[in-house]
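Remarks on the structure that follows.
The values are calculated or read from the model by the stated rules, or taken from the named source; none is laboratory data. Keep in mind the model is a prediction, meaning the values are calculated, not measured. Quick reminder, even Gly has a Cβ in these numbers, built from the backbone with ideal geometry, and neighbours come from all protein chains shown.
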Amino acid sequence: MTAPREEMACQICLSPLNTLGTPSTYIHPIQLATDGHEPVPVPVSQLHTVHRTCDFCGDPYPLWTLHGGELAAVAVGPAGGVVQNFGDRWAACATCHTHIDDGKNDKLVDRAVRTLGVGDQPQARERIAQLHQGFLNARLPERTLITTTAWPTTTIAARDLPKVRDRLAHLYRGPDGLPAPLTATDVRHQIADGLDRSHLFWIDGDFADLAEHAADILPEVTISRDLVPSTDGLIVWSRAVTSRQIIAASWTARRDDWEVATYRAIGAGLDGEPLQRLREDAGWLAPINAERVDERHLLPGNHPAAALVATWLLIGQQTAEITTADVDKGIRKAYARANRPVPEVRIVSIRAYSATRAGTRPTSGDSGLSHGSRFWVSGHWRNQPHGPGRALRRPVYINPFLRGPDNAPIKLSTTVRMLGSRSPKRED
C-alpha cells in the first residue's frame, strides 16, 4: 500500500498547494490571489500556521480535514487535456461541516455560490455541486482537527478553565485525528490523564505582557522538577502571546520527562449551531506543538514553549501574586452532579512593587562610572547559581530599574513600562 503523499504549502504565502499535470508540479490554488511569486513547497508539518481556506466555500477559517477519494478535474482544450488534482483530503469550515453532517448539500452549494460570487451563473453552480458531490460520495468517516488555522484573537475567562480543561481532555481521548506527534493513542491518553490531574493557572494581562517580553529574550534553560509550579498543569494566558499566538500550554509529568503542549484558541467569530458543535466536539483549544522534554534538558530560548518556561520562572522567583477565581456557577453544578470536586483556578498577577523595589538601584556596585543623570535599564535575564554546590544556573528576570545617582534627573530619551503597580483585581 502506497503511503499518502504529504501535503505541501508555499513557504512564502503559507497557502496549501495543488498539483497540476503529469508529472505533477505544485501550483497555487486557482482562486488564490498572489503577488505572482512562484510556489516554494514545504511540508505542512513544518509550519505552525497555514493560510488554507475551506475547500467547499472558501471560508478563511477551516476547522476539519475530511478524508475521501482522490478527486481530479480534467480540462480539455485544443492542445489536449490538463488534469488538476484536488486530492483526497478537503478542509471544511465549521459551517460547511455542519451542513455536511446534517446531509444538507444544497445549503453547502448555496454557501459556496455566495462566497465565490457566482450566484448568477447556473453553470458555475452546477460545476461546484459536481465537485462537492464527487468528494462526498467517497467520503470516509474519519476527520482530523486543523490546528494550523490562524483564528481571530479571543480570550478565555478564568472562571471557565475547568470546562476548557475537561473539553480538551475529551478531545485527546476522542476518535478525531490530531496532527503528528499527537497521532499515537498512548501519548494522547497520557496528556488527557495529566489534564485531569492538572492545576489550573490563568495569567492576567500585565503578567502576560511581562511573560511575552521575558520569552522574547529568554536564554537557554535547564528543565528540572523544581522549575515547574505543579506536577501537572494547564496555563491559560488572558491573551495570545508571542508570534505563534499561543494562548495556553499544558505539561504532563512522566518518570524522567514531561509531555509539553502549546495551544491556540479556536472558534472566534462563530455563532449558532456551528459554534455549539465545535465546543462539543473540540472545545476551545487546538494543540499547535507537542513534544517530550527530558529532565535536565537544555531548552533553547527560541523553543515553541518559551512563553511557558518564562512564565514558570517568573512565578518561581516570587514575581507573581496568586489569587483564586470564582468558578462559573454552571460548572460547579456540573461537577457536583458528577461527584467531582470543583478545581481551584489560580489567577496569576504581578506582585505590586514598592517604590524601593521598582525604583533606583544602588550605584555603589556600578563599574566605577559617574552618571550625571539617571536612566532606565530594561528588563533582562540574569543567570543565578543554584543546586548542589551552586553549580547549576537558572535565569532570573530583572525588572526595569533606574541606574544613577538618586537626585540626578532622569534622561528623557529612554522610556519603560512599569507593570503591576496596583494590587491585582479579582477576575469575574
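Worth pointing out:
- Cβ pairs under 7 Å, 6+ apart, first in the range 14-39 and free of Cβ contacts under 8 Å to residues at least 60 places away in the same chain and assigned to a loop (DSSP other than H, G, I, E, B), second surrounded by fewer than 16 Cβ atoms within 10 Å (Cβ to Cβ) and among the polar types (S, T, N, Q): His28/Thr34
- All of Ala240, Ala307 fail the test of being in a strand (DSSP E or B) and either buried (at least 19 other Cβ atoms within 10 Å of the Cβ) or at pLDDT below 95 (or both), apart from Ala240.
- The range 218-257, residues that are farther than 19 Å from Ile350 by Cα and hydrophobic (A, V, I, L, M, F, W, C): Val221, Ile223, Ile246, Ala249, Trp251, Ala253
Residue-wise test of (1) within 20 Å of Pro343 (Cα to Cα); (2) in a loop (DSSP other than H, G, I, E, B).
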position	(1), (2)
Thr148	no, yes
Arg159	yes, no
Ala180	no, yes
Thr183	no, yes
Gly194	yes, no
Asp209	no, no
Ala215	no, no
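- The condition (being closer than 14 Å to Val260 by Cβ and among the hydroxyl-bearing types (Ser, Thr, Tyr)) is satisfied by just one residue among Ser230, Ser238, Ser243: Ser230.
- Taking first residues from the range 283-296 that are within 17 Å of Thr242 (Cα to Cα) and partners that are of a type in the set (Phe, Trp, Tyr), the Cβ contacts under 9 Å between residues at least 6 apart in sequence or on separate chains come to Leu285/Tyr263; Ala286/Trp151; Ala286/Tyr263; Pro287/Tyr172; Pro287/Tyr263; Ile288/Tyr263; Asn289/Tyr263.
- Taking the criterion of being modelled with pLDDT of 90 or more and aliphatic (A, V, I, L, M), the residues of the range 315-329 that qualify are Ile315, Ile322, Ala325, Val327.
- Given (1) at pLDDT 90 or above; (2) part of a strand (DSSP E or B); (3) of a type outside the set (Phe, Trp, Tyr), index of the condition Asp88 fails: (1)
- Residues that are in a helix (DSSP H, G or I) and farther than 30 Å from Asp102 by Cα do not occur anywhere in the range 246-266.
- Restricting the range 343-367 to residues that are surrounded by 14 or more Cβ atoms within 10 Å (Cβ to Cβ) and at pLDDT 90 or above, the residue that is farthest from Gly379 (Cα to Cα): Pro343
Quick grid of which residues meet (1) closer than 30 Å to Asp101 by Cβ; (2) of a type in the set (Val, Ile, Thr):
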{"position": "Glu295", "(1), (2)": "no, no"}
{"position": "Leu313", "(1), (2)": "no, no"}
{"position": "Arg337", "(1), (2)": "yes, no"}
{"position": "Val345", "(1), (2)": "no, yes"}
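- For the range 37-85, a tally of residues being modelled with pLDDT of 90 or more and among the hydroxyl-bearing types (Ser, Thr, Tyr) returns 2.
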